[in-house]
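Only one structure is covered here, and it is reproduced in the block below.
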Amino acid sequence: MRNLLRLCPLLLAAALLFGTDPAFAGRRVALVLANSAYQHAPSLANPVNDGAVMAKTLKEAGFDVVESRHDLSAQDTRRVLRDFADATRSADIAVVYYAGHGIEVEGSNYLIPVDAKLERDTDVYDEALSLDRVLVAVEPAKQLRLVILDACRDNPFGKTMKRTIASRGIGRGLAQVEPTSPNTLIAYSAKAGFTAQDGDGANSPFTVALSKHLTTPGLDVRRAFGFVRDDVLKSTGNKQEPFVYGSLGGDDVPLVPVKAVAAAPVANPQADIRRDYELALQVGNKPAWEAFLAQHPDGFYANLAKLQIDKIQAEQAHAAAIEKAKQAEAERDRLAALGAQKDAQAKAAAEAKAAEQAQLAAQKAKEQAQQQAAAAEQQRVNLAASAPSTAPASTASPAGTNVASLTPATTPADLSRSVQTELGRVGCFSGQADGNWNTSSQRSLSQFNRYAGTKLDVKVASTDALDVVKSKPSRICPLVCEHGFKADGDKCTKIVCREGYAVNDDNECEKQRAAKPAKPATAKRDDGDERPARQRRQAGGAAAGGYGAAAGIAAAAGASRPSGGQVFCNSGGCRPVSRGCHLEFRGGGGPGNDANVEVCR
């Protein structure tokens with residue numbers, strides 16, 4: 001370990017000698033296209049101005065080739081792209097910037113030249129330039145292929161364009177893309193499916209932000225677009241969010257390298273100690289820190305190293321407490337299963353409870369040690385950024401000094417508050433950034449891990465978590481809205497349905513069914529007849545002449561008979577039943593065959 005520490009100055013000298021700085025950039029070429037004077041659509045005011053600003057920005061950044069053209073026809077655009085492809089063959093970085101109209105058809109994106117008519121949806125294949133054609137032009141570049149599209153405007157041909165197939169989709173703005181070539185980025189002025197604003201000035205908000213951040217010396221292009229996103233969101237009231245598609249490797253890729261300044265090496269003991277500390281930090285185990293303290297037993301970095309050892313010991317103690325608690329619990333369960341004596345079971349239960357309490361205490365000590373080590377590491381990073389080769393003598397306190405005394409700005413609460421703020425920026429935390437790393441904050445970081453594909457420790461707010469979340473330029477966690485609301489950018493807006501429609505359970509507008517009219521109150525039987533309908537139909541049929549005149553006479557007599565009396569009817573007529581007699585039903589019925597017979601005592 002000591003040999004490794006002593007090699008640090010030699011390794012640094014070798015790095016400076018052979019130029020391992022990832023910010024180095026070779027030959028850089030750029031093509032700027034801007035279309036304003038459309039012949040068959042309303043002209044645009046800003047694209048030509050935006051193209052001039054971007055061309056000036058790239059030239060001042062030292063690009064070897066900056067080709068700037070505006071208001072090109074489809075044929076001229078193809079020629080320019082062909083010539084630019086020749087220039088990219090010897091380039092390390094190739095950039096294409098386009099401002100003007102763009103259109104999405106069936107999931108593919110097209111740039112619209114100034115002479116396009118687009119009378120039919122299929123004309124886009126002949127009169128426009130596909131985004132894939134632009135990507136072919138930058139393909140030969142070795143280090144970075146960058147296409148920037150300030151073309152997410154409303155389609156000016158949408159109202160007049162004829163659809164040859166009704167199902168052919170023509171989207172709003174541009175469609176999402178996934179570059180197939182490595183080291184390729186495609187930047188939109190607005191997220192896929194959304195439109196961009198031209199702004200109130202001579203340039204669009206997107207181009208203004210690009211000219212400010214994109215060519216910052218030494219700034220990684222991904223971070224540059226993160227700053228562009230923040231500026232555009234702020235200037236448009238969160239209505240427009242630029243978006244970047246594609247991926248790069250782990251090294252920084254700036255468009256403009258940092259100019260190396262030759263300086264004579266100056267011996268600095270603090271710089272040597274800092275390098276030794278960072279090497280031990282990379283190894284990260286207890287022997288590495290003990291080796292560091294053996295060589296540097298006192299001072300600022302020694303105190304930080306001791307905090308790192310405390311963290312490792314606390315983690316080891318927590319792991320041992322967990323194992324001991326498991327063994328005590330298993331012994332308690334074993335004695336209970338064997339039916340051991342009560343005093344033995346009670347002793348085992350007491351030991352299990354004590355082990356559980358020790359585990360909780362070890363967990364709390366571990367979390368505290370992790371927070372202290374994280375806060376101390378943040379303090380070191382801040383000091384290195386402000387004065388990389390020095391450490392204030394006032395901070396070189398004796399061993400055992402509380403981390404909070406290093407600086408009030410790097411307490412665990414401040415670190416937790418910073419992580420909460422960044423989680424809120426990427427849409428994973430909706431609470432108040434109060435510095436209290438509670439269950440809600442842990443759940444928010446767990447959500448970030450899920451959607452960002454990371455494995456950060458959610459139990460503590462660490463500098464690693466802060467750096468990883470800060471590196472994300474846009475929303476990570478999806479926006480979840482309540483019923484009756486829909487996601488609109490970073491906000492939930494209420495769903496408004498047109499007249500006659502209402503929001504259903506699937507959060508979609510659905511036509512309402514007309515209510516059935518209520519039955520009128522008079523629709524009741526008013527004849528007082530409570531007999532079943534079948535009997536009433538049979539009686540009605542008989543009265544209508546089903547069995548001849550006798551049945552009709554019987555019906556008439558029945559309607560006029562005295563209350564409580566019986567009437568006998570046959571073909572000769574109807575009469576009251578004699579006193580002391582009654583009628584019996586014998587079946588039959590019809591001409592010459594009476595259904596009822598008068599029976600007398």
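The values are calculated or read from the model by the stated rules, or taken from the named source; none is laboratory data. Since the structure is predicted, the reported quantities are computational estimates derived from the model, not experimental observations. All Cβ positions, even for glycine, are placed from backbone atoms using ideal geometry, and neighbour counts span all protein chains on display. Just the protein is used for accessible areas: all its heavy atoms, side chains included, with ligands, DNA and RNA removed. Shrake-Rupley method; radii C 1.70, N 1.55, O 1.52, S 1.80 Å.
Quote to one decimal, in nm, the extra length available between R450 and Q512 on full extension: 0.36 nm per residue of separation minus the C-alpha distance between them. All intermediate terms of the calculation are to be shown ahead of the outcome.
Values: separation 62, 0.36 × 62 = 22.32 nm, distance 3.97 nm.
18.4 nm is the gain from fully extending R450 to Q512.
Arrange the residues F227, F568, F243 by how much accessible surface each exposes, largest first, with a 1.4 angstrom probe.
On the way: F227 75, F568 25, F243 45 Å².
Final ranking, largest accessible area leading: F227, F243, F568.
Measuring from centroid to centroid over Cα atoms, what is the spacing of the range 276-319 and the range 198-225 in Å?
Taking the Cα centre of each part, the range 276-319 and the range 198-225 sit 43 Å apart.
Can you give the extra length, in nm with one decimal, that the chain gains between L338 and D123 once fully stretched, where that is 0.36 nm per residue apart less the Cα-Cα distance? Display every interim value, and only then the final one.
Numbers: separation 215, 0.36 × 215 = 77.40 nm, distance 8.44 nm.
Going from the current span to full extension adds 69.0 nm.
So, taking all protein chains as they sit and a 1.4 Å probe, how much accessible area belongs to D464, in Å² rounded to tens?
100
If you rank D251, D115, D86 by how much accessible surface each has, with a 1.4 Å probe, what is the order from largest down? Could the numbers behind the result be given before it?
Details: D251 105, D115 55, D86 85 Å².
Output order, biggest surface exposure first: D251, D86, D115.
With a 1.4 Å probe and all protein chains kept in place, how much accessible area does H483 have, in Å² rounded to the nearest 10?
110
Quote to one decimal, in nm, the extra length available between A433 and D490 on full extension: 0.36 nm per residue of separation minus the C-alpha distance between them.
Working: separation 57, 0.36 × 57 = 20.52 nm, distance 1.85 nm.
Full extension from A433 to D490 adds 18.7 nm.
For the pair D251 and R498, how long in nm is the line joining their label points, each one 7 Å along Cα→Cβ?
5.7
I322 to D298: FRET efficiency via 1/(1 + (r/R0)^6), r the Cβ-Cβ distance, R0 51 Å, to the nearest 0.05? Numbers along the way, then the final one.
On the way: r = 35 Å, r/R0 = 0.69.
That pair, I322 with D298, gives E of 0.90.
Accessible surface of D230 in the full protein assembly, 1.4 angstrom probe, to the nearest 10 Å²?
The accessible area of D230 comes to roughly 60 Å².
Taking only protein heavy atoms into account and a 1.4 Å probe, give the accessible area per residue of the range 121-240 in Å². The partial results should precede the final answer.
Details: 5360 Å² over 120 residues.
Using a 1.4 Å probe on heavy atoms only, each residue of the range 121-240 averages 45 Å².
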